[in-house]
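**Q** Okay, here's the structure, questions in a sec.
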Amino acid sequence: MCIFYLVAFLFGLTAEQCSSELIEDSSQSFMERMHTGKTSFIYFGNHVNPTIKLFMEQLEMSADALEDYGISVVKVNCSKDAIENYCTGEKLMTKAHLFRGSEVLRSFDIDTVFDVNAIVSHVLFSVLFNEVHYVHTPAELLRVERAAKQNSDIVVGHIPVLGLPEHRALMEAAFVYGTKYQFVQTTGSLVLKHMGVAESSSSQARLWFLHCKGVSSQSDPCPSVPMRKPLKTINIHTFLQLMEAPLVTEAEVDPSEVDVVHIHLSVPVLFLFSHAQTQHLDRATAQTLSLQLRGEVGVVLISRESPNVKTPLKYNAAYRLPQEDVKYLTLNSAEEVMKLFKEELLQEHKIEDEEGDEEQWSDLDILDDEVSESVYRDRDHMPDLESVTELTSDTFQTTVTQNDITVVLFYFKWDAVCKAFIQSYIEVADALEGVSGVELAAVDCGELTDICSDQNITSFPTIMIYRPMVAAQPYRGMLGTKSLHTFILLSLVFSPSHLSSSAEVTSFLEGDLYSKHVDLSAVRVLGLFSSLQDTGVTSFEEAARLLRGETILGLFANKEAEQWVEGLSVNLPALLVSRGPGVPYEVYSIPSSSPTDQVSLIKRVELDHFPELTVENLPWYLELGKPLLLLFIGKEDSTESTKSLAEIKRPLSSGQLDSFLPCWIHLGRTPVGRSVLEKYLGFVPPLPALVISKLRTGGEVFLFPPERPLMAKNILQWIHDVENGQEQPAGLIPDGKWGPPVPFFDFLAIMDQEAPTYAAQKGPKMKNGGREGNRQQRPNQKQTPHPSPNPQAPRQHSEL
């Protein structure tokens with residue numbers, strides 16, 4: 001039976017090679033199956049949509065692969081046979097279940113087992129759950145090593161993404177060789193670092209063989225050998241055979257007549273010649289070289305004393321590459337041997353990498369990139385621009401001067417990003433239909449080059465906001481429906497609002513003024529000056545103009561402004577920030593600065609103290625440069641999530657978390673958060689999960705112990721232990737670019753090249769899409785309850 005599994009492992013039997021098919025169970029056959037005690041992978045469904053149809057095709061292909069391992073793949077048509085507990089509920093159609101007899105070993109979302117490789121790898125891993133150790137940290141791997149010493153050798157596989165062909169290859173190897181070796185699987189970057197792999201290579205699947213069986217001392221490490229070829233089925237089999245081969249084979253015939261396992265496995269062989277007078281030294285040299293080349297090159301030591309050796313004495317070494325004849329040479333040192341084989345092996349690996357690249361480029365049509373997917377989907381379809389005014393050279397000037405606001409999209413019909421965005425632009429136009437004073441228009445720069453040249457448009461798509469008698473304002477927000485819609489509505493608010501009394505200030509801060517815009521922006525920022533002649537008023541007004549559409553700004557230039565900051569360690573000019581009714585105001589000093597400096601200042605003071613991180617706001621929070629105290633939640637309204645959020649707010653309000661940026665990610669609203677969490681730790685722990693991410697100090701990530709209650713006092717104690725080095729990191733953030741899947745999908749780089757003025761105004765860019773560089777010190781910040789012109793009113797404040 002073991003030989004049968006090995007054959008299936010090596011040749012990867014497919015549906016075309018076998019006649020087995022997906023089994024369809026009735027209610028009766030399903031109940032009979034439950035009593036057999038055998039393992040079955042079963043999908044329950046009642047109708048087929050396009051997504052389910054694709055899954056069913058992959059499920060049928062997996063039936064043949066899993067049959068080789070004694071696992072049946074079954075479907076149940078719930079329309080014919082409504083099996084209790086499995087053919088009901090909202091999860092019907094989206095779940096598949098792995099049974100052993102009547103026991104459910106594990107249930108899978110069908111988007112997890114998305115193809116035959118994912119099905120086979122996940123099913124085998126579940127079947128082998130008690131045999132294949134899953135480790136997250138070096139400490140866990142060392143525990144496995146201690147238990148294996150003198151008992152068995154270990155095979156360690158690093159799989160960066162579960163469900164891919166590399167994961168399947170590892171699980172099939174574990175099924176075949178699991179009784180001979182202890183298999184270990186990891187996805188964490190910490191284990192990679194422990195094995196001596198640079199973080200920049202963490203995205204590559206890898207395999208190591210740990211020789212623990214011959215290690216008797218618990219203090220001695222298990223010698224490890226990396227498999228340097230891609231993690232494929234045949235490469236794993238070859239590698240494991242090489243690990244069983246002798247380090248050095250001794251022979252008494254010419255190299256051309258030597259028969260060793262390496263030749264049959266298509267592995268290069270190094271031949272060294274030994275003399276009687278230097279036999280001890282020759283064996284030591286051969287041993288040293290074999291250790292350095294183990295897993296890649298076989299080493300054979302040939303005795304010159306044998307009459308069967310006819311090789312001329314002028315040669316002291318030879319080598320044989322797969323499918324080639326023996327080549328003889330004279331070497332002067334072990335370094336020359338290493339250089340020779342490293343060059344040959346590098347060339348071999350280069351060929352394999354090129355083949356892999358060809359496979360990657362052949363799969364470009366299925367890359368998971370939103371822009372490319374959108375363009376491909378709509379490649380033969382140009383959206384109807386009926387709700388958008390298409391401008392010409394004759395109508396452009398008239399249109400942009402006759403409305404309170406004219407929004408103009410400059411685009412190319414053939415440009416990828418333009419085509420992806422046009423549908424969103426049309427949706428915004430439809431949503432604003434009936435809003436007086438606003439018109440959305442478009443200019444095709446492929447046809448009307450004169451307009452685009454006159455307006456100095458050099459990147460596409462570009463959105464400009466035009467108002468009569470005012471310089472045009474570029475829109476620099478996210479290219480999405482919601483962001484643009486919000487920006488246009490906020491652009492209708494005159495900025496800054498000039499306030500003439502303390503009563504108007506209170507109305508502005510409380511949201512009574514512009515109350516209809518509370519849903520668009522709960523934050524209001526007020527500039528306080530003693531008079532309109534004060535230094536900084538002009539800069540503040542210009543900053544307000546630049547921020548129109550992004551922030552609701554007010555200006556109170558009056559001698560009463562002194563009373564709003566009285567008793568605080570902040571002098572005029574100052575900023576007063578309101579985050580909504582019932583929330584204490586915050587006061588910041590305004591340094592004498594340029595409009596662009598004030599723009600940066602206002603954007604910073606708008607940031608929340610306990611923000612929900614999103615794709616849009618993340619760069620601004622990263623710019624603060626603080627370690628993240630980051631809570632991942634699945635459902636904001638669940639009891640656990642609500643309690644966790646409240647427990648973090650308690651020490652936050654007392655200033656005990658000032659050295660961190662407390663924040664949270666809702667994985668439902670920001671699905672990329674799950675990928676972030678998995679990147680941090682190598683796995684997704686139960687939610688809610690609290691981590692500390694030290695982005696600026698080595699990229700260490702610490703996970704709050706899941707077994708401890710997520711309470712304020714426990715959180716503070718855990719933070720104290722982390723800061724004092726008493727907690728071990730649970731993960732490391734790779735120190736490398738988070739680049740696009742392939743070079744020509746690097747839209748962020750393209751946008752940066754096309755819009756350098758935007759990058760300059762917004763601040764220095766960060767290599768991973770955020771921002772970094774020289775940062776201004778955060779201004780002095782104070783918090784105060786709603787201030788009153790009464791100087792005796794109590795004011796509480798604390799440092800952020």
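The values are calculated or read from the model by the stated rules, or taken from the named source; none is laboratory data. Quantities reported herein were computed from a predicted structural model and do not represent experimental measurements. Note that we place each Cβ from the backbone using ideal geometry, even for glycine, and neighbour counts take in every protein chain shown.
**Q** Could you please find all residues in the range 496-511 being part of a helix (DSSP H, G or I) and touching a helix residue (DSSP H, G or I) at 6+ places or on another chain (Cβ under 9 Å)?
**A** Of all residues in the range 496-511, those part of a helix (DSSP H, G or I) come to 502-510.
If the condition is that a residue be part of a helix (DSSP H, G or I) and touching a helix residue (DSSP H, G or I) at 6+ places or on another chain (Cβ under 9 Å), then SER502, VAL505 are the ones that fit.
**Q** For the range 170-178, check the following and say yes or no: at least one residue is of a type in the set (Phe, Trp, Tyr) and within 25 Å of the chain's Cα centre (by Cα). Outline the logic, then answer.
**A** Just the residues of the range 170-178 that are of a type in the set (Phe, Trp, Tyr), to begin with: 175, 177.
Subset that is within 25 Å of the chain's Cα centre (by Cα): none.
No, the conditions are met nowhere in the range 170-178.
**Q** Continuing with the same structure: Residue by residue through the range 123-144, note down the ones that are under 21 Å from the mean Cα position of the chain (by Cα) and not in a strand (DSSP E or B).
**A** Correct list: HIS136, THR137.
**Q** Can you name the residue in the range 15-67 that is assigned to a helix (DSSP H, G or I), of a type in the set (Ser, Thr, Tyr) and under 24 Å from ALA82 (Cβ atoms) and is also modelled with the highest pLDDT among such residues? I'd like the intermediate steps shown before the answer.
**A** Step one: list which residues in the range 15-67 are assigned to a helix (DSSP H, G or I), which gives 27-34, 50-67.
If we keep only those that are of a type in the set (Ser, Thr, Tyr) too, we end up with 27, 29, 51, 62.
After this cut, where a residue has to be under 24 Å from ALA82 (Cβ atoms) as well, the list is 27, 29, 51.
Values: SER27: 82, SER29: 87, THR51: 64.
Among those residues, the one meeting the criterion is SER29.
**Q** If I ask for residues that are surrounded by 14 or more Cβ atoms within 10 Å (Cβ to Cβ), more than 34 Å from the chain's Cα centre (by Cα) and not in a strand (DSSP E or B), which ones from the range 464-483 would you list?
**A** Selection gives nothing.
**Q** Right, another one. Hey, among VAL400, VAL443, VAL493, VAL408, which residue is crowded, with 16+ Cβ neighbours inside 10 Å, in a strand (DSSP E or B) and over 36 Å from the mean Cα position of the chain (by Cα)? Write out each step before concluding.
**A** Working: VAL400 fails: in a strand (DSSP E or B); VAL493 fails: in a strand (DSSP E or B); VAL408 fails: over 36 Å from the mean Cα position of the chain (by Cα).
Exactly one residue qualifies, and that residue is VAL443.
**Q** I need a count of the residues in the range 68-101 that are among the basic types (Lys, Arg) and at pLDDT below 80.
**A** Qualifying residue count for the region: 1.
**Q** Additional query: Take the residues in the range 129-144 that are surrounded by fewer than 17 Cβ atoms within 10 Å (Cβ to Cβ) and of a type in the set (A, V, I, L, M); name whichever of them is nearest to ALA730 (Cα to Cα).
**A** Checked the range 129-144; the qualifying residue nearest to ALA730 (Cα to Cα) is ALA139.
**Q** Is it true that some residue in the range 659-672 is more than 23 Å from LEU607 (Cα to Cα), out of contact with any Pro (no Cβ under 6 Å at 6 or more places or on another chain) and in contact (Cβ under 8 Å) with a residue 40 or more places away in the chain? Step through it out loud before you land on a result.
**A** First, pick out the residues of the range 659-672 that are more than 23 Å from LEU607 (Cα to Cα): none.
No, the range 659-672 contains no residue that is more than 23 Å from LEU607 (Cα to Cα), out of contact with any Pro (no Cβ under 6 Å at 6 or more places or on another chain) and in contact (Cβ under 8 Å) with a residue 40 or more places away in the chain.
**Q** Among the residues of the range 660-700, count how many are under 20 Å from SER641 (Cα atoms), among the small types (Gly, Ala, Ser) and not in a strand (DSSP E or B).
**A** Number satisfying all stated conditions: 3.
**Q** With the requirement that a residue be part of a helix (DSSP H, G or I) and either surrounded by fewer than 19 Cβ atoms within 10 Å (Cβ to Cβ) or out of contact with any strand residue (DSSP E or B) (no Cβ under 9 Å at 6 or more places or on another chain) (or both), what does the range 239-248 give you? Spell out how you get there, then give the answer.
**A** Just the residues of the range 239-248 that are part of a helix (DSSP H, G or I), to begin with: 239-244.
Scanning the range 239-248 gives GLN241, MET243, GLU244.
**Q** Restricting attention to the range 89-112, does a residue exist that is closer than 18 Å to LEU170 by Cα and in contact with a helix residue (DSSP H, G or I) (Cβ under 7 Å, 6 or more places away or on another chain)? Steps first, please.
**A** Filtering the range 89-112 down to residues closer than 18 Å to LEU170 by Cα leaves 112.
Checking which are in contact with a helix residue (DSSP H, G or I) (Cβ under 7 Å, 6 or more places away or on another chain) leaves us with 112.
Looking for residues that are closer than 18 Å to LEU170 by Cα and in contact with a helix residue (DSSP H, G or I) (Cβ under 7 Å, 6 or more places away or on another chain), one finds at least one in the range 89-112, hence yes.
**Q** (1) of a type in the set (D, E, K, R); (2) within 17 Å of SER107 (Cα to Cα); (3) surrounded by fewer than 17 Cβ atoms within 10 Å (Cβ to Cβ): which one isn't true of LYS75, the others all being true?
**A** All conditions pass for LYS75, except number (3).
**Q** If you scan the range 176-193, which residues turn out to be assigned to a loop (DSSP other than H, G, I, E, B) and within 25 Å of GLU678 (Cβ to Cβ)?
**A** We begin by selecting, within the range 176-193, every residue assigned to a loop (DSSP other than H, G, I, E, B); these are 178-181, 187-188.
Result: THR187, GLY188.
**Q** Now, a different point. Could you list all residues from the range 61-111 that are within 19 Å of GLY163 (Cα to Cα) and out of contact with any strand residue (DSSP E or B) (no Cβ under 8 Å at 6 or more places or on another chain)?
**A** MET61, ASP64, ALA65, ASP68, TYR69, ASP111
**Q** Here's another thing I want to ask about it. Please pick out the residue among ASN151, ASN117 that is of a type outside the set (Lys, Arg), in a loop (DSSP other than H, G, I, E, B) and surrounded by fewer than 24 Cβ atoms within 10 Å (Cβ to Cβ).
**A** Numbers: ASN117 fails: in a loop (DSSP other than H, G, I, E, B).
Exactly one of ASN151, ASN117 is of a type outside the set (Lys, Arg), in a loop (DSSP other than H, G, I, E, B) and surrounded by fewer than 24 Cβ atoms within 10 Å (Cβ to Cβ), namely ASN151.
**Q** Okay, next question. Right, SER126: hydroxyl-bearing (Ser, Thr, Tyr), crowded, with 16+ Cβ neighbours inside 10 Å and on the phi < 0 side of the Ramachandran plot or not? Quick ask: steps written out before the conclusion?
**A** Working: hydroxyl-bearing (Ser, Thr, Tyr): yes; crowded, with 16+ Cβ neighbours inside 10 Å: yes; on the phi < 0 side of the Ramachandran plot: yes.
When the stated conditions are applied, SER126 passes them.
**Q** Which of the residues belonging to the range 219-229 are at pLDDT 90 or above and over 13 Å from ARG294 (Cβ atoms)? Outline the logic, then answer.
**A** Pass one, the range 219-229, residues at pLDDT 90 or above: 222-227.
Answer for the range 219-229, where residues must be at pLDDT 90 or above and over 13 Å from ARG294 (Cβ atoms): just CYS222.
**Q** Among (1) among the aliphatic types (A, V, I, L, M); (2) at pLDDT below 90; (3) under 47 Å from the mean Cα position of the chain (by Cα), which single condition is VAL299 missing?
**A** (2)
**Q** Okay, moving on. I'd like to check something: does the range 637-645 contain any residue that is closer than 30 Å to SER530 by Cβ, touching a strand residue (DSSP E or B) at 6+ places or on another chain (Cβ under 7 Å) and not hydroxyl-bearing (Ser, Thr, Tyr)? Spell out the reasoning first.
**A** Applying the first criterion (closer than 30 Å to SER530 by Cβ) to the range 637-645 yields none.
Checked against the condition, which is being closer than 30 Å to SER530 by Cβ, touching a strand residue (DSSP E or B) at 6+ places or on another chain (Cβ under 7 Å) and not hydroxyl-bearing (Ser, Thr, Tyr), the range 637-645 yields no hits at all.
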